[in-house]
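The values are calculated or read from the model by the stated rules, or taken from the named source; none is laboratory data. Please read all numbers here as calculations on a predicted model, not as lab measurements. We place every Cβ from the backbone using ideal geometry, glycine too, and count neighbours over all the protein chains shown. Ligands, DNA and RNA are excluded from the accessible area calculation, which covers all protein heavy atoms including side chains. Shrake-Rupley method; radii C 1.70, N 1.55, O 1.52, S 1.80 Å.
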2 protein chains.
Amino acid sequence: VPTARYIRGQTASVDATDRGLAYGDGLFETMALRAGGIRYFGYHLERLAEGCERLAIPFPDRGELEREIEAVAGGLERGTIKLILTRGPGIRGYAPPKTRAPTVVLFADPAAAPAPPELTVATLKMRLGENASLAGIKHLCRLEQVLGRLELSRLEADEGLMLSTSGMVIGGTSRNLFAVHGRALKTPDLGLAGIRGVMRRAVLEHAAEAGYAPEESRLTAADLGTADEIFMTNALVGIQSVSRLDARRLVKFEAAERMRAMLDLGEGA
Amino acid sequence: VPTARYIRGQTASVDATDRGLAYGDGLFETMALRAGGIRYFGYHLERLAEGCERLAIPFPDRGELEREIEAVAGGLERGTIKLILTRGPGIRGYAPPKTRAPTVVLFADPAAAPAPPELTVATLKMRLGENASLAGIKHLCRLEQVLGRLELSRLEADEGLMLSTSGMVIGGTSRNLFAVHGRALKTPDLGLAGIRGVMRRAVLEHAAEAGYAPEESRLTAADLGTADEIFMTNALVGIQSVSRLDARRLVKFEAAERMRAMLDLGEGA
């Protein structure tokens, strides 16, 4: 049985020996609460389960987890739910303890992230390391994104574009990216870096219905330079058009608008 | 003023919103307490300071930190002190908060790590990602080492050899590595991956006095195959000879013995 801690205004704490703190040894999900339910809850749970399998952390009982999330949401209609799942407390040393006692931390926030329909984006110097063993899942080791965000705070842009160390486009600091070339809807392959976002998955699965050919591919900065349109996605803010990438202004927002309508994301995501 | 939490037997906790837990947004040091003092304390503080500078986390007041460490050690003669320094509590999102309020967690353990003079080592499949922005410092994002250690638990060896994704030798899961070729004492360059260990630094600085020519260089598995001798280092266990690397037995321990004597590490590190 996982330890759950509920937060909403009040503070809560975790054991100082928790391996999530010691080594980033865990996973997280940040979920949009809409009309009292979690949007794409099944996708969030599936990504969490894949992360658990990759890290050999036992997946919590789904029914219990759902009850805990309901309890922390506490009748909220709209807001944000964040879940952290770690390998649990541990003694010193990288070796995972024999006894499996994962920690679950849940946060509920009645504020939904602001989601303007357009974003300006600047390419960051900070790169993302490549490692197939950790790519795709939403683990807790996020210093690259933190440093990317720190760099962004000194620039005039809403989001930062992050490349991997070998120069592949991966996405924003907290968003996935799509580039439209005609009817092709390309998003970076995340086999070596990046997080497979829940909204990214929804777009990939519904692109064909909206008349686009979705494709996961290796994209470079040059591929973005020839794109008709670029948009970014995130579970909380939905789909946002890129109106500027570095010095280039982008004026086509059609694919983003179609996908937003297709996924019924509505105003303000 | 940092928040310090002392642990010795009793439990302690950190705020569940701490960015160390959320994103691995912090640093740590694990230090050997010997004869009531911390071995290479100055080196530990210098590495911590470099990490703080790289991550833009304010370095704590040194005098205060020393008093806190003395308080947590509480008259222990021998043992292990672990320090975690994070960017502190935060709201949701990768962007570091404007208000700087780092968290300091201190652990004291009267047990010193066991340090047999010889180790068997197996090369791991798990690789280390390469990123110059994070290499060298002892930050909290350590999932690669955790997964390496998990792989090691299924093998018959004391330590795992980790290569970077491009195939360079980096070191053990929790140890640095030295390879002896004649009088050349080579250790992997850690500009792209790995942690610059405190004991590694001591060996590099004192190698010449012991008659060796120290060198940081790019080492491959083939370079280890032609080494006369290999040893590993760690702040807690000191210097340990590698007696087997995969199928190869190693029988020369002279450089390790000389360096151990030179650094006055004594019995059991």
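List of remarks:
- Of all accessible heavy-atom area on chain B, the percent that carbon and sulfur account for (1.4 Å): 52
- Taking amide H as placed 1.01 Å from N in the peptide plane, the amide H of A:GLU229 sits under 5 Å from that of A:VAL180, each at least 5 places away or on another chain.
- Chain B: most fluctuating residue of B:GLY75, B:GLY171, B:GLY197 per GNM, C-alpha cutoff 10 Å: B:GLY75
- Candidate cross-link partners of B:LYS98 among the lysines, defined by an alpha-carbon separation under 27 Å and a same-chain spacing of 8 or more, comprise A:LYS82, A:LYS125, A:LYS138, B:LYS138.
- For segment B:102-119, 3J(HN,Hα) per residue [Karplus equation, 6.51 cos²θ - 1.76 cosθ + 1.60, θ = phi - 60°, Hz, x = Gly/Pro]: x, 9, 10, 10, 10, 10, 10, 9, x, 7, 8, 4, x, 9, x, x, 10, 10
- Max mean-square fluctuation residue, GNM over chain A, Cα-Cα springs under 10 Å, options A:GLY160, A:GLY37, A:GLY93: A:GLY93
- Highest GNM mean-square fluctuation among B:LEU128, B:LEU85, B:LEU192, for chain B modelled with Cα contacts below 10 Å: B:LEU192.
- Anisotropy class of segment B:42-173 from Cα gyration tensor, a/c 1.5 cut: oblate
- Rounded, prolate or oblate (a/c below 1.5 giving rounded, otherwise prolate when a/b exceeds b/c) for segment A:123-192 by Cα gyration tensor: oblate
- Between this copy and the others, label points of A:HIS181 are 4.4 nm apart in ascending order, each placed 7 angstrom from Cα in the Cβ direction.
- Test item: A:87-99 mean partner chain Cβ contacts at 10 Å: 4
- The shape of segment A:139-269 comes out rounded: with a ≥ b ≥ c from the C-alpha gyration tensor, a/c is under 1.5.
- Per-residue ellipticity at 222 nm, computed for chain A from helices alone with -39500 (n - 2.57) per DSSP H run of at least four residues, works out to -7000 deg cm²/dmol.
- The mean number of partner chain beta-carbon atoms within 10 angstrom of a residue's beta-carbon across peptide B:193-204 is 0.
- Rounded accessible area per residue of chain A, 1.4 Å, Å²: 39
- Neighbouring Cβ atoms from other chains, within 10 Å of the Cβ of residues in B:67-80, number 0 on average.
- Taking amide H as placed 1.01 Å from N in the peptide plane, B:ILE137 has its amide H under 5 Å from the amide H of B:ARG196, each at least 5 places away in sequence or on another chain.
- In the assembly of identical copies, A:GLU257 has its label point, taken 7 Å from Cα in the direction of the beta carbon, separated from the corresponding points by 8.1 nm (ascending, one decimal).
- Take the Cβ atoms of B:HIS206 and B:LYS125, set R0 to 35 Å, and the FRET efficiency comes out at 0.50.
- Value in Å of the Kirkwood radius, where chain B supplies the Cα pairs that are averaged: 19.3
- Between 0 and 90°, nearest 10: helix B:62-73 axis offset from chain B longest Cα axis: 80
- The H on the amide N of A:ALA235, modeled in the peptide plane, is under 5 Å from the matching H of A:VAL198, A:MET199, each at least 5 residues off or on a different chain.
- In order along segment B:151-158, phi translates into HN-Hα couplings of 4, 4, 5, 9, 10, 9, 7, 7 Hz, rounded to whole numbers, per the Karplus curve 6.51 cos²θ - 1.76 cosθ + 1.60 with θ = phi - 60° and x for Gly and Pro.
- P(r) weight above 42 Å for the protein assembly as shown, C-alpha pairs, percent: 22
- Two-site label geometry, A:ILE91 and B:LEU155: point separation in nm, points 7 Å out along Cα→Cβ: 2.3
- Beta bridges by DSSP in the protein assembly as shown, antiparallel share as percent, to the nearest 5: 65
- Whole-Hz couplings from phi, Karplus 6.51/-1.76/1.60, listed for segment B:181-196; x for Gly and Pro: 10, x, 9, 7, 10, 9, 10, x, 5, 10, x, 10, 6, x, 10, 7
- FRET efficiency for the pair B:ALA101 and B:GLU53, taken as 1/(1 + (r/R0)^6) with r the Cβ-Cβ distance and R0 = 25 Å, rounds to 0.90.
- Solvent-accessible area buried by B and A, counting both chains, probe 1.4 angstrom, square angstrom: 4300
- Each copy carries A:GLU46; placing its label point 7 Å along the C-beta direction from Cα gives inter-copy distances of 5.2 nm, listed from smallest up.
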